Amino acid sequence: MDEKNAGMLSPYRVLDLTGERGFLGGKLLGDLGADVIKIEPPGGDPARKLGPFYHDEPHPEKSLYWMGFNTNKRGITLDIATARGREIFKKLCRKADIVIESFDPGYLDGLGLGYGSLEEINPGLIVASITGFGQTGPYKDFKAPDIVLWALSGLGYVHGDADRPPLSPSYPVSYFFSAMQAIIGALIALFQRGTTGRGQHIDAPTLLGLAWATGPEVQGLWPLNGEIVKRSGRIWPRPRTGPDGEVTYINVPLSYPCRDGGVKFFPFVEPGMLPSTNGLTRWVIEEGLASEALQNVDWTTWDWSEVTQEAADAVTESFGRFFMNHTKEELWQGARDRGIQLYPVFTPRDMVAFPQLKIRQYWQEVDHPELDARITYPGAFVKLADGSCEIRRRAPRIGEHNPEIYEKELGMSKQELEKLKRAGVI
Amino acid sequence: MIFMPSRPFEGINILDFTWTATGPFTLNPLAFYGANIIKVESRARYDALRSLGPFKDGRAEPERSFYFSYAQTGKRYNITLNMDHPGAREIARRLVGWADIVADSYATGTMEKWGLDYESLKKIKPDIIMFRTCMHGHTGPLAGQHGQGFILTALSGVDAIIGWPDRAPAGAFGALTDFIAPQFNTICLIAALDYRRRTGKGQYIDQSQHEASLQLMTPLILDYTVNGRDFHASGNRLSGAAPHGIYRCLGDDRWCAIAVFTDGEWQGFCQVIGQPALAADPRFVTLADRKRNEDELDCIVEGWTARRSPHEVMTLMQASGVPAGVVADARDQAEDPQLAHYNFFEEREHPVTGKMPFYHGPCFRLSAAPYEIGRATLIGEHNEYVYTGLLGYSDEEWARLAAEGVI
């Protein structure tokens, strides 16, 4: 591989023991050039049962979830719960820089493969652990699927419409917040290793990543103002302070339904945003859908911390009427022509059609000879001047690189591999 | 010998032109672990986050924004430098000479206008790492467009995945992508530092926050590019589990999440609610049965939860191996024993606001590197240290720069 395409992390080897909770982390290291080896149980990772599937055919080699988050990894099968499997894993650890895992706390220790044991084999090894709640603490053994973490983190309470139960994402995202944090920790450890020569252990609890993401509006108002922030759906409550210092809110929509989905718009009045707000106001007036209040509004003197709820409603209800009259595409096109900061709520169809992403060559075509197909993937998560961030290889098939790793690298014979296969070790 | 844990980024210098959330959140982990950061603001053009409420004591002043404090928990030095003043260029050049990383989060045009484009930086310091993040990246027709977190949640699909099947999406509560994009950035930035240490080469990093955030949606995008299926939110339900939802509990607007994936968890659930026979009820025996009769099932679940506090529901369920979690409000979060165990949120004293409660370090713990939390800086708080100490200006020169409006 020439240097230009090598990627910044090309000297490093990563052993990826994670299940679906941690796939993303190893993938990002691979995108930056690291040699990532995904270790699956014999027969394939259980996450290969996760949909969606290629052409809707449920099959362990056709999971789009698997394919999406395991690009840039080679794949081997190995049962680390067996004695021989542990031995082989330890051998791999000798030449590895980073191990990523997402087992329950204590599981690897129970196998004699905890950080303490691996450190003895390779003092420079970095082990990053992704869990729901962390390696220690009162909740460490709690069952921790995405929705439970979303709930306990504080994010659940503020999401959703006021007239229905709180919402969690229909497509789970909680563990992305620890998969990435674990990698940040691992890279800090790698950088430190350059000075100390020593590796270390990273404890990345999803709860911490999600609690961080709740932000100060939730976390600040309770201890400082005794206020509990609630879910308000498409509304963005704007605070106003009365003469007695008491804070009240007016409800201003931040997103609106349109004819075929949702759009987001807020009439900001800061100088930089006035052209956008004035632009939409003119557009609504041109189409004859502006209330009298909107026709007469002067945004240069408008102050969201001063206006009444009635005054706010009188202008925003015209926006709502206008949006329902249009499709996402019409609004998006018109907004761009008029310099209005209005955005459709994108679904995958909109993402793929978005011109900016095409022009920046974001989408990457990846060959899948085994499916006789070329598939369009999201490409680089960042653009670099030196070395690439890109998809260099599709996700591995079950045990695809067993010969490459076990025979070529570890010097095992074909017969030996056959024996291990029959014994269920690989 | 006493083991002295080292600070991984000791001696790494960062010249920080970032503002609002994504840029500062990107740099914070480097500050937690020892990097020196000089944050550049000016009195005329201070960090936009300083204007965003809520504010301490309700007073809308630049040193009182909750959000600014929250985004600046990595230790920084703060200087004023009026980049629109011609006299500022020479100072900026000297600071670039000091820096290993120059970071900004402006749309295309601002750094260029200030003569701080990558080519110019390289002339000052050949191995400089220039890290840039903006909404749409620094090429293409939208490169100059300013970003907003709540817009990015719309473009990246984060809004689309949160909603009920019978309504337009409810969307993200806040600017969730402001917490997603920085994680990609930090990963890339540390990789660039490692790369430079090994090869002596600098780097130019152009991050589109949109492109990074979309990475999370990969399976949904593949479902579209492969199968032509577009994604629409389905509330709290998940194909591989039932019950899977957020259920009403005793109290004012109180809720608990419950998620049953396996038959074992289902049997545990039936035990906990005191209806062991339900496990053998033909409507609910297998996951497929439970999915088929999910409306009925949810009624049974809520019939039981509605008479208990969310904490009781969680404790009973988890004790029997059934996944459940309180839908924590801000008070629960402030009192959460697991967050407290990790000492995640800490109070810090601030010269203007007094004690602020939500300072935090990294979202992980390293076994051999301690972290350090800073507090939000005041505008120009470290002018004296940087201008007279680090850059060596005399007191007279420093006074002149201030008088002429350069700093």
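Of all residues in segment B:113-156, which are without any contact (Cβ under 8 Å) to a residue 40 or more places away in the chain, buried (at least 21 other Cβ atoms within 10 Å of the Cβ), farther than 30 Å from B:ARG237 by Cβ and at the interface with another protein chain (Cβ under 7 Å from one of its Cβ atoms)? Result: B:LEU142, single match. Checking A:PHE89, A:PHE53 one by one, the residue that is over 10 Å from A:ALA395 (Cα atoms) and without any contact (Cβ under 8 Å) to a residue 12 or more places away in the chain is A:PHE53 and no other.
Looking for whichever is touching a helix residue (DSSP H, G or I) at 6+ places or on another chain (Cβ under 8 Å), at pLDDT 95 or above and over 21 Å from B:GLN207 (Cα atoms) here; the options are B:GLY115, B:GLY137, B:GLY97. Which one fits?
From the options B:GLY115, B:GLY137, B:GLY97, the qualifying one is B:GLY97.
Considering only residues that are closer than 17 Å to B:MET356 by Cα and not in a helix (DSSP H, G or I), which ones fall in segment B:28-58?
Within segment B:28-58, B:LEU52, B:GLY53, B:PRO54, B:PHE55 qualify.
Residue-level analysis places A:THR277 among those that are of a type in the set (Val, Ile, Thr), within 17 Å of A:TRP332 (Cα to Cα) and more than 29 Å from the chain's Cα centre (by Cα). With the condition kept exactly as written, say whether any residue in segment A:14-32 is of a type in the set (Val, Ile, Thr), in contact with a helix residue (DSSP H, G or I) (Cβ under 7 Å, 6 or more places away or on another chain) and over 17 Å from A:GLY399 (Cβ atoms). Yes, some residue in segment A:14-32 is of a type in the set (Val, Ile, Thr), in contact with a helix residue (DSSP H, G or I) (Cβ under 7 Å, 6 or more places away or on another chain) and over 17 Å from A:GLY399 (Cβ atoms).
Here's the yes/no breakdown for (1) touching a strand residue (DSSP E or B) at 6+ places or on another chain (Cβ under 8 Å); (2) free of Cβ contacts under 8 Å to residues at least 60 places away in the same chain; (3) within 14 Å of chain B (Cβ to nearest Cβ):
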site	(1), (2), (3)
A:GLN333	no, yes, yes
A:ARG336	no, yes, yes
A:ARG349	no, yes, yes
A:TRP363	yes, yes, yes
A:ARG374	yes, yes, yes
A:LEU384	yes, no, yes
A:SER413	no, yes, no
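B:GLU63 meets all of the listed conditions (1) under 23 Å from B:GLY374 (Cβ atoms); (2) in a loop (DSSP other than H, G, I, E, B); (3) within 14 Å of chain A (Cβ to nearest Cβ) but one, namely (3).
Being farther than 19 Å from A:VAL345 by Cβ and assigned to a loop (DSSP other than H, G, I, E, B): is that true of A:GLU317 here? In short, no.
Filtering segment A:284-294 for residues that are touching a residue at least 40 places away in the same chain (Cβ under 8 Å) and either within 14 Å of chain B (Cβ to nearest Cβ) or of a type outside the set (A, V, I, L, M, F, W, C) (or both) leaves an empty set.
Sort out which residues of segment A:235-248 are at the interface with another protein chain (Cβ under 7 Å from one of its Cβ atoms) and in contact (Cβ under 8 Å) with a residue 60 or more places away in the chain, and write them in order of number. Those that are at the interface with another protein chain (Cβ under 7 Å from one of its Cβ atoms) and in contact (Cβ under 8 Å) with a residue 60 or more places away in the chain: A:PRO239, A:THR241. Set side by side, the residues B:HIS210, B:HIS232, B:HIS244 differ, and just one is of a type outside the set (Val, Ile, Thr) and surrounded by fewer than 21 Cβ atoms within 10 Å (Cβ to Cβ), which is B:HIS232. Scanning segment B:328-376 for residues that are of a type in the set (S, T, N, Q), more than 21 Å from B:PRO310 (Cβ to Cβ) and over 19 Å from the mean Cα position of the chain (by Cα) returns B:THR353, B:SER367. Evaluating B:LYS291 against the criteria (1) basic (Lys, Arg); (2) outside any helix (DSSP H, G or I); (3) under 36 Å from the mean Cα position of the chain (by Cα) leaves one unmet condition, (2).
Quick check: is even one residue across segment A:328-345 under 26 Å from B:SER213 (Cβ atoms), small (Gly, Ala, Ser) and buried (at least 20 other Cβ atoms within 10 Å of the Cβ)? Yes; the residues of segment A:328-345 include at least one that is under 26 Å from B:SER213 (Cβ atoms), small (Gly, Ala, Ser) and buried (at least 20 other Cβ atoms within 10 Å of the Cβ). Residues in segment B:157-178 that are at the interface with chain A (Cβ under 7 Å from one of its Cβ atoms), surrounded by 23 or more Cβ atoms within 10 Å (Cβ to Cβ) and either farther than 17 Å from A:ARG234 by Cβ or not small (Gly, Ala, Ser) (or both): B:ASP159, B:ILE161, B:ILE162, B:PRO169, B:PHE173, B:LEU176.
Among all positions in segment B:313-323, there is at least one residue which is within 24 Å of A:ALA204 (Cβ to Cβ) and touching a helix residue (DSSP H, G or I) at 6+ places or on another chain (Cβ under 6 Å). Take the conditions farther than 30 Å from B:SER239 by Cβ, facing chain B (nearest Cβ under 7 Å) and surrounded by 23 or more Cβ atoms within 10 Å (Cβ to Cβ) and apply them to A:ILE202. Does it pass? Yes.
Within segment B:282-293, residues that are among the aliphatic types (A, V, I, L, M) and surrounded by 14 or more Cβ atoms within 10 Å (Cβ to Cβ) reach partners that are at pLDDT 95 or above and outside any loop (DSSP other than H, G, I, E, B) with beta carbons closer than 9 Å, at six or more positions or on different chains, in the pairs B:VAL285/B:ASP263; B:VAL285/B:TRP266; B:VAL285/B:ALA279; B:LEU287/B:ALA241; B:LEU287/B:ASP263; B:LEU287/B:TRP266. Note on segment A:165-181: residues that are more than 7 Å from every other protein chain (Cβ to nearest Cβ), part of a loop (DSSP other than H, G, I, E, B) and of a type in the set (A, V, I, L, M) total 0. Only one entry in A:ASP31, A:ASP16, A:ASP35 is surrounded by fewer than 24 Cβ atoms within 10 Å (Cβ to Cβ) and out of contact with any His (no Cβ under 6 Å at 6 or more places or on another chain), namely A:ASP35.
Evaluated against (1) over 25 Å from A:ARG231 (Cβ atoms); (2) outside any helix (DSSP H, G or I); (3) more than 14 Å from chain A (Cβ to nearest Cβ), B:GLU384 falls short on exactly one condition, (2).
Taking interchain pairs and intrachain pairs at least six residues apart, which have beta carbon atoms under 6 angstrom, with the first residue in segment B:211-237 and more than 7 Å from every other protein chain (Cβ to nearest Cβ) and touching a residue at least 12 places away in the same chain (Cβ under 8 Å) and the second in a helix (DSSP H, G or I) and not charged (D, E, K, R)? Cβ pairs passing all conditions: B:SER213/B:THR177; B:SER213/B:ILE180; B:SER213/B:ALA181. Evaluate the following for A:ALA162: is it assigned to a helix (DSSP H, G or I), more than 7 Å from chain B (Cβ to nearest Cβ) and out of contact with any Pro (no Cβ under 8 Å at 6 or more places or on another chain)? So A:ALA162 fails the test. Can B:PHE269 be described as crowded, with 22+ Cβ neighbours inside 10 Å and either within 13 Å of chain A (Cβ to nearest Cβ) or touching a residue at least 24 places away in the same chain (Cβ under 8 Å) (or both)? Yes: the conditions hold for B:PHE269. Restricting the search to strands (runs of 3 or more DSSP E) fully inside segment A:196-309 and requiring at least 3 residues that are modelled with pLDDT of 95 or more and touching a Phe, Trp or Tyr at 6+ places or on another chain (Cβ under 6 Å) gives A:201-205.
The values are calculated or read from the model by the stated rules, or taken from the named source; none is laboratory data. The shown structure was predicted, so the numbers you read here are calculated from the model rather than taken from an experiment. Glycine gets a Cβ as well: all are built from the backbone with ideal geometry, and neighbour counts include every protein chain shown.
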